[in-house]
Every structure is written in structure tokens, then in C-alpha cells.
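Working notes, beginning with the structure itself.
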Amino acid sequence: MTLRVTRGDVWTVVLDRPERANALSADLVEALHATLDDAEQAAPQALVLRGNARHFAAGFDLGGLERETDATLALRFLRVGVLLERLLAAPYVTVAVAEGAAVGAGADLVLACDHRLVAPDVTLRFPGSAFGVALGTVRRAELGAVLSTGVPADLTDALGTPFSPRPSHDSDADLAALARSVSVPGLRDRIAAHADRTLPKEHA
């Protein structure tokens with residue numbers, strides 16, 4: 001199991017890979033896509049995305065990197081990019097509750113939500129630029145310094161906020177920047193070199 005989903009007027013989606021710090025494997029990303037497919041049909045009032053007390057999501061899963069190729073990694077990053085855009089355009093309120101570490105692609109998941117409730121001791125980190133992957137860069141530039149909108153204790157208030165039109169977001173620019181970055185040859189080697197330099201191992 002990679003996700004636990006509670007359905008109702010409000011859906012709660014819990015990332016459930018504690019053995020990998022909720023890092024975004026290909027299976028977990030596809031499970032999130034499938035959940036968004038279901039939510040589009042069910043039309044809940046809101047969707048809440050959570051991890052656990054230690055980790056919201058430790059980024060792009062680098063497990064099995066020796067079996068990856070530039071092409072397989074590029075596809076995985078693009079699927080994450082599309083997932084972020086789906087959250088940004090979701091026809092219901094989205095809330096990320098980050099009580100534990102949120103790194104790289106995991107931090108970008110937080111930023112893709114309408115309400116970004118981040119515990120005071122959690123720092124959102126984006127190491128992807130260290131190996132040349134431009135994931136979520138347009139979104140971060142659009143948000144500027146306002147990366148969080150509250151803390152986890154604000155969840156009830158966030159869910160009570162009426163749905164309102166979102167600020168404009170350049171989805172095409174974000175996905176184009178990501179596609180250009182992952183198409184540069186040597187992606188796997190750049191990620192492997194970054195992983196070797198980072199102790200303890202950090203996820204993208």
C-alpha cells in the first residue's frame with residue numbers, strides 16, 4: 001500500500017511509505033494520479049494531502065537508481081510535474097498538511113495546494129537545482145516568499161474557507177521548463193553524483 005484514502009465530503013489522502021520516508025516512487029505517483037481521477041468523478045468539497053509526523057514526503061525516490069536510465073527518470077519527473085499541475089487546477093479545495101520533512105518533489109506537492117499548512121519546525125527544501133531538474137520552478141517564483149499559508153492546527157479553518165478563484169498560473173511554462181531540464185543528457189549520472197555527495201542520502 002502506498003496511499004490511504006478516506007472519502008466523504010472531504011477526502012483525506014495519506015502518503016503511506018514510512019519505510020522510504022514517503023518518497024515519491026513511480027507507484028506512489030501513479031496512485032496519486034488514480035486518486036485524482038476518482039476525485040474528479042466524486043467532486044468532493046476538498047482534498048487533504050498528508051504524510052506522517054516525521055515525513056510529509058522526502059522527495060523523488062532514488063531507490064534503485066542503478067536500474068534507471070535517463071529516459072525512465074525523465075518520464076518519472078514529467079509524471080510528477082503533471083501531478084502538480086492537476087493539483088493546481090483541481091475543481092475542489094486542496095490542502096497540504098506537512099508535519100514532517102517535505103523535500104524536493106515532496107515540497108512541490110505542498111506548494112501545489114491551495115492551503116499549505118506547514119509545521120513551524122518544517123523547512124521546505126528544493127535540492128533539484130543541484131542536478132539540473134526544474135521541477136515546480138515557475139510555481140515557486142509565482143508564490144515568492146509566501147510558501148506556507150498556516151500551520152497544521154489551522155486545518156479546520158482552511159476547510160471552512162469558501163472556494164475562490166485561484167491566482168493565474170503558467171502551467172505550460174512550468175512543464176516546458178521541466179521537460180527541457182530532464183531532456184539534457186546525463187540525467188541519471190547527475191542525480192547519482194548528487195546522491196553520492198549528500199549524506200545522509202537526500203531525495204530529489
Which one of these does Asp38 not meet: (1) within 28 Å of Ser181 (Cα to Cα); (2) out of contact with any Pro (no Cβ under 9 Å at 6 or more places or on another chain)?
(1)
Are there any pairs, at least 6 apart or on different chains, whose C-beta atoms fall under 6 Å, with the first in segment 33-57 and β-branched (Val, Ile, Thr) and the second modelled with pLDDT of 95 or more, and if so, which?
Thr35/Val5; Thr35/Val13; Val48/Thr12; Val48/Val95
Any residue in segment 55-78 that is open to solvent by 10 Å² or more (accessible area, probe 1.4 Å), in a strand (DSSP E or B) and in contact with a helix residue (DSSP H, G or I) (Cβ under 8 Å, 6 or more places away or on another chain)?
yes
For Gly51, indicate whether it is touching a strand residue (DSSP E or B) at 6+ places or on another chain (Cβ under 7 Å), open to solvent by 10 Å² or more (accessible area, probe 1.4 Å) and at pLDDT 95 or above.
yes
Considering only segment 16-54, how many residues are more than 18 Å from Gly81 (Cβ to Cβ) and either in a helix (DSSP H, G or I) or not basic (Lys, Arg) (or both)?
20
Filter segment 153-162 for residues that are surrounded by fewer than 17 Cβ atoms within 10 Å (Cβ to Cβ) and either touching a Phe, Trp or Tyr at 6+ places or on another chain (Cβ under 9 Å) or touching a residue at least 40 places away in the same chain (Cβ under 8 Å) (or both) and give the result.
Leu159, Thr161
Could you say whether any residue in segment 184-200 is assigned to a loop (DSSP other than H, G, I, E, B), under 15 Å from Phe77 (Cα atoms), modelled with pLDDT of 95 or more and open to solvent by 60 Å² or more (accessible area, probe 1.4 Å)?
yes
I'd like the full set of residues that are in contact with a strand residue (DSSP E or B) (Cβ under 8 Å, 6 or more places away or on another chain), in contact (Cβ under 8 Å) with a residue 40 or more places away in the chain and β-branched (Val, Ile, Thr), limited to segment 68-126.
Val80, Val93, Thr94, Val95, Val97, Val103, Val110, Val122
Which listed residue is part of a loop (DSSP other than H, G, I, E, B) and either among the hydrophobic types (A, V, I, L, M, F, W, C) or out of contact with any Ser or Thr (no Cβ under 6 Å at 6 or more places or on another chain) (or both), from Ala107, Ala90, Ala96, Ala141:
Ala90
Considering Ser181, Ser129, Ser148, which residue is within 17 Å of the chain's Cα centre (by Cα) and assigned to a helix (DSSP H, G or I)?
Ser129
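The values are calculated or read from the model by the stated rules, or taken from the named source; none is laboratory data. Keep in mind that this is a model prediction, so the values were computed, not measured. Every residue, glycine among them, receives a Cβ derived from its backbone with ideal geometry; neighbour counts consider all protein chains shown. In case anyone asks, the SASA skips ligands and DNA or RNA and just uses the protein heavy atoms, side chains included. Shrake-Rupley method; radii C 1.70, N 1.55, O 1.52, S 1.80 Å.
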